[in-house]
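Working notes, structure below.
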Amino acid sequence: MAVWARQASRWCCRLSAARAIEFPRRPRSGGCPARACREFSPLRVLPAGKEAALCRLQAYRQVSVGSCSPPDSAKDGSLSSPESNLPSVRQEQAKAETLPDLSAKILDEDWDDIPPSSALEVISEEEAVQIIAEPLLPIQSSTLRDYVDHSETLEKLVHLGVDLSQVEKRQKAGQLLLTLDFEKDVKKILLFLKDVGIEDNQLGLFLTKNPYILGEDLEALETRVAYLKSKKFGQSEIAQMVSRAPYLLLFSVERLDNRLGFFKNELGLSVKKTKNLVIRLPRLLTGKLEPVKENLQVCQIELGFQRNEIQQIVYKTPKILTASKKRLKQTFDYLHNIMGIPHHMLTRFPQVFNSKLLRIRERHMFLAFLGRAQYDPAQPSYVPLDQLVSLPDEVFCTEIAKASMQDFENFLKTL
């Protein structure tokens, strides 16, 4: 506001000077130049400084046209009439026309030519109250929460359901999000994920698990999806695989092709069975291969399964490839050496390896207590292994053990 006040004062001064040039006053006959300048110059409205000097100069030049100095006759001592000291109207107008027209130049000036305000400029209390200071951006922080108010990308990701507290635990994920522009970088990836088959209510969870996909090249992502389609994976199957293995699309086409070839050749599966295998457990394509190779060796060398038996076990229960080796050996030892279940029966019901060992032991011991622990299909009261581990406790007691739930609970207290 102080800047506009100075500009208004400057304009007022210049307009006053312009009027003085266009409508000059007639000087008094006996006056002097200084007096004429004081009478003519509009000092009341003139500001100090260069503007005041300019206005005084213009006023003095106007007065000097009429020349209030005494004529030559007076210098010589001769007296002249008062009329002879006054310039004629034509002479005054002719000389006035030789002066530059400052009014046009003043009025042509642009209002935008306003000097910038200074940081040291004094402002009023009302102006100070209207100043809104933006919060400072943290130079360094261990959490993304401090940057949400400063980043449109983080703000919109939070609205999508992304858990930033989990994202910041992933290496360099927080730094990546802070460098991305939502409209330029993030929006196109979200539209791509929706085209793949990720539902709107799953986007937040998906990006929480894999925020790195936001920094991937869109063309590379589309190429990887096109490769899966070329391998006869359907749209719904690709969506299921990407949802269950969020890092799947971060792998190059060459790596995906090598993984599919590994499982096909290592397990001796057909193309169709290999595809069904990775659809049910897509993290086989994204996880490390060392645990898979070790479990295959454990099944063959330590547990004594044949290659064709391993093939059947893995195809029916893919999780056995990523299971803990210690747990795998403990479960096999109890089933084979204590319960007396042969290899071919374990090959037929490999889902028992996914069950907790404690549950298997409790139910087997309860059946043995009742005299119903019979796992040979050729014998009466045969108990299938899948029903032994999969049925709820109430159904297990009534249909398999032929006992009440209270009897089972009382038996467990004796263990």
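Multiply the residue separation of K329 and F262 by 0.36 nm, subtract the distance between their alpha-carbon atoms, and state the gained length in nm to one decimal.
21.7 nm
Using the Cβ atoms and a cut-off under 13 Å, what net charge is assigned to the surroundings of S381, where Lys and Arg are +1 and Asp and Glu are -1?
That sum, taken over residues with Cβ under 13 Å, equals 0.
Could you pull the accessible area for S252 with a 1.4 Å probe, rounded to 10 Å²?
Only protein atoms counted, so the area is about 50 Å².
What full-extension length gain, to one decimal in nm, is calculated for E222 and H150 as 0.36 nm per residue of separation minus the Cα-Cα distance?
22.8 nm
Could you look at the range 232-287 and say what percent of its accessible area is carbon and sulfur, using a 1.4 Å probe and all protein chains?
About 51 percent, which is the carbon plus sulfur part of the accessible surface.
Relative contact order for the range 232-287: what is it in percent, counting Cα pairs under 8 Å that are at least 6 residues apart? All intermediate terms of the calculation are to be shown ahead of the outcome.
Working: 33 pairs, mean separation 26.5, N = 56.
Relative contact order comes out at 47 percent.
Taking a 1.4 Å probe, which of H343, H150 shows the most accessible area, and what order do the others take after it?
So the residues, ranked largest to smallest area, are H150, H343.
Report the charge-dipole magnitude of the range 362-415 in Debye, nearest 20, computed about the Cα centre from +1 at each Lys and Arg Cβ and -1 at each Asp and Glu Cβ.
160
Using only the Cα atoms of the range 232-287, each taken as one equal point scatterer with no solvent, compute I(q) by the Debye sum, divide by I(0), and report log10 of the ratio at q = 0.14, 0.27, 0.30, 0.31 Å⁻¹.
Calculated log10 I(q)/I(0) at the listed q: -0.32, -1.22, -1.40, -1.43.
Run the quick spin-label model on R244 and T322: label points 7 Å from Cα toward the beta carbon, then report their separation in nm to one decimal.
Modelled inter-label distance: 0.9 nm.
Would you mind counting up the charge near G340? Only other residues with Cβ under 13 Å from its Cβ, with Lys and Arg at +1 and Asp and Glu at -1.
With Lys, Arg at +1 and Asp, Glu at -1, the net is -2.
Excluding same-chain residues fewer than 8 positions from K156, which lysines have a Cα within less than 28 Å of its Cα?
Filter leaves K169, K172, K184, K187, K188, K194, K209.
Count the net charge of all other residues whose Cβ sits under 14 Å from the Cβ of D163, scoring Lys and Arg as +1 and Asp and Glu as -1.
With Lys, Arg at +1 and Asp, Glu at -1, the neighbours total +3.
The values are calculated or read from the model by the stated rules, or taken from the named source; none is laboratory data. In this text the structure is predicted, and so the values were computed from the model without any measurement. Every residue, glycine as well, gets a Cβ built from its backbone with ideal geometry; the counts of neighbours run over all protein chains shown. All accessible areas refer to the heavy atoms of the entire protein, side chains included, with ligands and DNA or RNA removed. Shrake-Rupley method; radii C 1.70, N 1.55, O 1.52, S 1.80 Å.
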